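The values are calculated or read from the model by the stated rules, or taken from the named source; none is laboratory data. Predicted, not measured: the structure shown is a model, and the values here were computed from it. Heads up, the Cβs are rebuilt from the backbone with ideal geometry, glycines too, and the neighbour counts pull from every protein chain shown.
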Amino acid sequence: MHSTFFEEPILNSPYEEPSRHHALDDEGQPTELPPIDGRRPSAHISPVPKPRKRRSKKTEEEQQSLGLYVADGISSEDQEYNPTPIINDIRLQLKLWRSIPNSQDWGVTPATARLLQHWRSHEFQGIKPFFCQVEAVETIIWLTEVAKKNKSYKRIWAHLENGNAGANPNLMRLAMKMATGAGKTTVMAMIIAWQTINAVRSPTSKLYTRGFLIVAPGITIKDRLRVLQPSDPDSYYESRELVPADMLPDLGKAKIVITNYHAFQLRELLEANKTTRSLLQGRHAPIQSKETEGQMVRRVADELMGIKNIVVINDEAHHCYREKPESEEEKLTGDERKEAEENNKAARLWINGIEAFKRKLGVGAVYDLSATPFFLAGSGWAEGTLFPWTVSDFSLMDAIECGIVKLPRIPVDDNIPGEEMPIFRNLWDHIGKKMPKKGGLTVNPRTALPDPLQTALQSLYGHYEKVNTEWDKAGIDVPPVFIVVCNNTTTSKLVYEWISGWQRPNEDDELVTQHRGHLSLFSNFDQYDEPLAKPNTLLIDSQQIESGELDKNFRAMAASEIETFKRERKQRGEHGDISDAELLREVMNTVGKKDRLGEQIRCVVSVSMLTEGWDTNTVTHILGVRAFGTQLLCEQVVGRGLRRLSYELNADGLFDSEYADILGIPFNFTAKPVVAPPKAPKKTIHVKALREREALEIRFPRVIGYRVDLPEERLKAEFTDESSYVIDHEKVGASQTDMSGIVGEGHTLSLREAQNLRPSTIAMNLAKEVLNRHFLDQDGEPKYHLFGQIKTICRRWIDEGYLRCPGDTEPWMLSFYPEIAAQACEKIVMAIVRAGDGNHKVKAVIDPYNPEGSTRHVSFSTTKDVRETDPRCCHVNYVVSDSDWEAEFARVAEKHDRVLAYVKNQGLGFAVPYKDGDVAREYYPDFIVQVDDGNGPENPLSIIVEIKGFKNEQVKLKKETMTEKWVPGVNALGSYGRWVFDQFDSVFEIDQEFRELIERAFATSNGKEVA
C-alpha cells in the first residue's frame, strides 16, 4: 500500500467537484499507483428494474444481457442485477447543465435559479455548503424541473419509475447516497427551501408543496432534525445562510412535521386487559380497539391536514423498504436471522406508514437520504445491492478524498512485543464462542472476558492515552471519545464493568466497590473507591433509548448512572420532569459538547449498534465486540466515528486530515495497519457576543442595493484615482462579438478588425455600453439624447490616461470583451455620480425583511488563532486573527481613548453588495469601529475599516463601492447614524493612520461639517 495515501489522503476541495481520486484494487484497497485525474465513477450493483410492459418472449438482447451478470452469483432468471446504475449518466447531464452560464437557460423557475446561484456563489460567513450537498439537491431539482419536461431524458425517468414499481408500488422515491458526516441535514433543509419557496410563489403548480413529513429511525435523529423548522432558534436556513434573507418570509409558510417511524404504529384506543375485552366482546366479533389509518395520520401530522401532495423525506432511508414478494427465503440463522426479522418488521411499519399518508393526504414525492441505501439481509433482495431509485452517490471514499470525514485507520501500539500493534480486525471470530452467555451480579468481569478481548481493549486504550495527551496539550476543552459496540446486554455490562469498575453487595446487602476498572481514564470511581459525581464511562442501550422505553433489566443495570445524571441536572438548574430514557438520551446526545450533561464522557459502551444520527464529532476510537456479517453493517458502525472536529481550510484550500482508529470491525477500507503518530486537532474556540457586554452592541443596516438618480439632461464627470481601470490579462481571450450601432445594420467584429479600431470608435462603443446599461427611461429604452455627452466623457476617460493597458493589452479590448467593458462602464458612471450637484446622489436600498444586523447575533466556532478582546471595547469575546494585521488593528483600536466599541466582521453578516461588471457580488469589510468624534457617545461616528496589503482591480472596486455608494447611500437615509470608510495598506503604519483618521473626524465634527 502506498504510504502517502495515509499521509496525504485528501486530494480535493470540499467545495468543488472532485478532480482526482486514489487508485483502488479490486477489493477497494488503495494501491501504490499515483492519484488518477478525474472523478471516481459510481460503481454499485443494483437490481435492474423490470419494465412495466414486457413482451411474451425475451429478445436476443435481453437474453445476452442477463447472461452477462449471471456470473456475479446473485442474478437469476427471476431478478437481474446490474453493476452500472444510472448515477453516472445523471452526473454527466448535471455537469453539462451546471456549465450553462445564463440562468435563464437553466430551465428552472426564477426562485429555483436564485437559490442555485445563492448556494453556488454566495460568500458564506460560516461553513458554506459542500459540493456534495449542492450536487444532491441539484440532482433532485434537475430531475424535477428539467428532465421531466425533456423527452431526451425519458430513459432516466423510465428507470426510476420501473424501479419504484417493483419495490415501492404507488410511491415515487428518489434516493441520495451521502457518506456519514457529509451533511444530510443540510441537504434536507435545502430541499425544503426549494419546495416551499416555489410553492408559495407558484401556488397552482403541482410540482411543489409547503407540507413536509420528515421521518427518522429514532428519537435521537428526530431531536437533531428540529433545526429544519424555520422557527427553531438554531434553524439552518438563517444560521447557515441557506436561504437569501428576502426569501425567509416565504419559508416561514412551510408546515414541517418531524417524527420517528415508530409513531406509525396503530395505537390501542381501549386500555383493557384480556378479561375485560372478553366481557365487552361477548359473542360478537373481536372488538376493533386500534385507531384507524386516518386517526394515525391526524395524530402524527395534524399540522399537515388540508395540504395535498406532501413531500416525505426519509432520513437513514435504508431502514425503509418493502420486502420483495415471492422471494426465496435467505438461509439466515441465529442472531443474523433474528436481526433480519426485526429489520423487516421495522421496514414494513415505516413504508406502511408512508403509504397510509399517500392514501389520506397524497404524497407527491419521497426523498431518501442515507450513507448506505442498500437492501438489508432478509429483505428478499440481494443483500448489499443499491436501491434502484438512487440518483446521486457521494461515497465514503469520495468524502475522505475531499476531507469531509475522518480517515478510518487501524491504530498502532508500540508496547506489544513483536508487532507495531495487535491486529484484531475481526475480533468476534476469536472471542465469540468464549463469551459468557449469561451475566449477573455474581459474574467477575476480570475472569469472564476472554483474554483476546482484554488485550484489544488495553491495546486501543494505549493509543487513546496518547491522543488524550495531545488533546490536553492543545487545550481542547472536551476529551476524545472511545466507543465499544457490543452484541447484547450481557456483553455490554461485562465490558462496561471491566473498563470502568464494579460494585457487588456485601453480607449486609450494601454495595461495595470491588474494582476501580482496568482503564484509569475511563474509571467511574475515585481513589477512595467512591463513585464519581460525573462518570467517565456511559452504558447505553441505543435501541431501547430510540424506542423511548427502558426495560426493567437495563433500568436496573443503569440505575446508578441515571441517579448521578439526575443530580447533576438539578445542580445545573434544570428541574423539569424527565423520563429515564430521555435523560440517558440527553446525556448520549451531548457527549463531547461543552457545558452539557455529556461533556466529560470519555467512553461509551453501547448495546447493539450505536444509533444512526449520533453526531458526536470527538470520537477517535471504536472497538467492535459483536459479529459483523456485511460491509454494510461495518460502514454503519464505523460511520459513528467519522464526523470531523474542525472545518477550517489550510493554506492549500483543503481540510487537514483527521483520524478514527478502529478495532474489531472487519472494515475493508484499511486492511493494513499504518504507523501514524497521534495528532491533536486544533482547539475549537466559541466566538460569541457576551450578554454582560450588551452596552457595546453595534448595529448596522443590511443594504441589498443602491438607487442612483442620474442626471436627466446635462452630464459631467469628475475623475479621481479610483476612476482608473487596468485591463487584466486573465480576462483577455479569443472571441467574436456581434456589434450593432444605434442605427444601421449590425455586424460581427473579429479580432483582426478590433485591432484596427480608432480611439473615437472605441469611445463610441464604450459610450453605447454606458447608455444601454445605465441610462434607460421608464420603459427600459436608452435615453439616446444623452449619447453625445456620454461619448465625450468616455473619450476624456481614455485620453486622460484612466484606462491603463499593461503588457500587450490594448484599448480596443474594451470593444471586444463584454466583462471588461462592463467594469469600465462602472468607473465612468461613478465619475458622473461624483460630479453631481447633490440632486442625484446615491441612496442605499435596505432589506425590507431584515433591515438591521447586530453584534448580538455573533455565535460561531473556530480553530483559528484568536485574540481576547477588551471587555470595555468589544461586545464579542474574541477577534479571529486571519493575519497579524487584524490582531494589530484590534490592539490599536482598544488603545485609543475615543473608541467606544469595535467588532471584527466575522460571523457578523455585514455584507456590502457591489457589481463586478455584470456579476453581482458581496464584500465583507474587516472591522466596524464606533468613535466619539465630538458629538458624544449617543451619536457616534461608525468607521468601516478594511485592511489590505495589496491592491488589484477587485480591491479598488470594493473601495469605490464603499466610498461612492454604500457610505453616501446610507448617510443619505438619515436613520442609521453617520458612517465613513477607510482602508489601511501597511501594518507598520496602522497605529499612526488610525490616529490621523480619528483626528480628521474630530476636526470635521468641530467644524460643523458632515463626516
query: Considering the stretch 646-665 alone, what residues qualify as being among the hydrophobic types (A, V, I, L, M, F, W, C) and in a strand (DSSP E or B)?
result: Leu649, Phe655, Ala660, Ile662, Leu663
statement: Filter the stretch 582-632 for residues that are in contact with a Ser or Thr (Cβ under 8 Å, 6 or more places away or on another chain) and over 29 Å from Lys682 (Cα atoms); the one that is modelled with the lowest pLDDT is Met609
message: Quick check on the stretch 368-391: of everything there that is part of a loop (DSSP other than H, G, I, E, B) and small (Gly, Ala, Ser), which residue is nearest to Gly183 (Cα to Cα)?
response: Ala371
statement: Per the filter on the stretch 469-512, residues assigned to a loop (DSSP other than H, G, I, E, B) and in contact with a Phe, Trp or Tyr (Cβ under 9 Å, 6 or more places away or on another chain) are Val478, Pro479, Pro480, Asn487, Gly501
- prompt: Between residues in the stretch 811-832 that are closer than 11 Å to Asn765 by Cα and residues that are buried (at least 21 other Cβ atoms within 10 Å of the Cβ) and of a type in the set (S, T, N, Q), which pairs lie under 8 Å by C-beta distance while being six or more apart or on different chains?
  reply: Leu814/Asn765; Ser815/Asn765; Ala821/Asn765; Ala821/Ser815
- request: Being part of a helix (DSSP H, G or I) and closer than 15 Å to Ile431 by Cβ is the filter here, so list the residues in the stretch 446-468 that pass it.
  value: Thr447, Ala448, Asp451, Pro452, Leu453, Gln454, Thr455, Ala456, Leu457, Gln458, Ser459, Leu460
query: Looking at (1) of a type in the set (D, E, K, R); (2) in a loop (DSSP other than H, G, I, E, B); (3) over 33 Å from the mean Cα position of the chain (by Cα), which is the one condition that is false for Asp882?
result: (3)
field: The listed residue being more than 23 Å from Lys864 (Cβ to Cβ), crowded, with 18+ Cβ neighbours inside 10 Å and of a type in the set (A, V, I, L, M), out of Val879, Val912, Val899
entry: Val899
- prompt: Considering only residues of the stretch 695-748 that are acidic (Asp, Glu) and not in a loop (DSSP other than H, G, I, E, B), which is modelled with the highest pLDDT?
  reply: Asp721
- request: Could you tell me whether any residue of the stretch 979-988 is of a type in the set (Val, Ile, Thr) and either farther than 17 Å from Ile698 by Cβ or modelled with pLDDT under 80 (or both)?
  value: yes
message: Tally up the residues in the stretch 888-919 that are in contact with a Gly (Cβ under 9 Å, 6 or more places away or on another chain) and either among the aromatic types (Phe, Trp, Tyr) or free of Cβ contacts under 8 Å to residues at least 12 places away in the same chain (or both), please.
response: 1
task: Tell me the helices (runs of 4 or more DSSP H) entirely within the stretch 236-306 that contain at least 3 residues that are modelled with pLDDT under 85 and surrounded by fewer than 12 Cβ atoms within 10 Å (Cβ to Cβ).
output: 274-281
message: If a residue must be over 20 Å from Asn198 (Cβ atoms) and under 16 Å from the mean Cα position of the chain (by Cα), how many such residues does the stretch 209-239 contain?
response: 7
- prompt: Going by the structure shown, is Arg867 within 30 Å of Ile727 (Cβ to Cβ) and either out of contact with any Lys or Arg (no Cβ under 7 Å at 6 or more places or on another chain) or surrounded by fewer than 16 Cβ atoms within 10 Å (Cβ to Cβ) (or both)?
  reply: no
message: When the residues of the stretch 216-235 are narrowed to those that are in a helix (DSSP H, G or I) and of a type outside the set (Val, Ile, Thr), which ends up farthest from Ile191 (Cα to Cα)?
response: Asp223
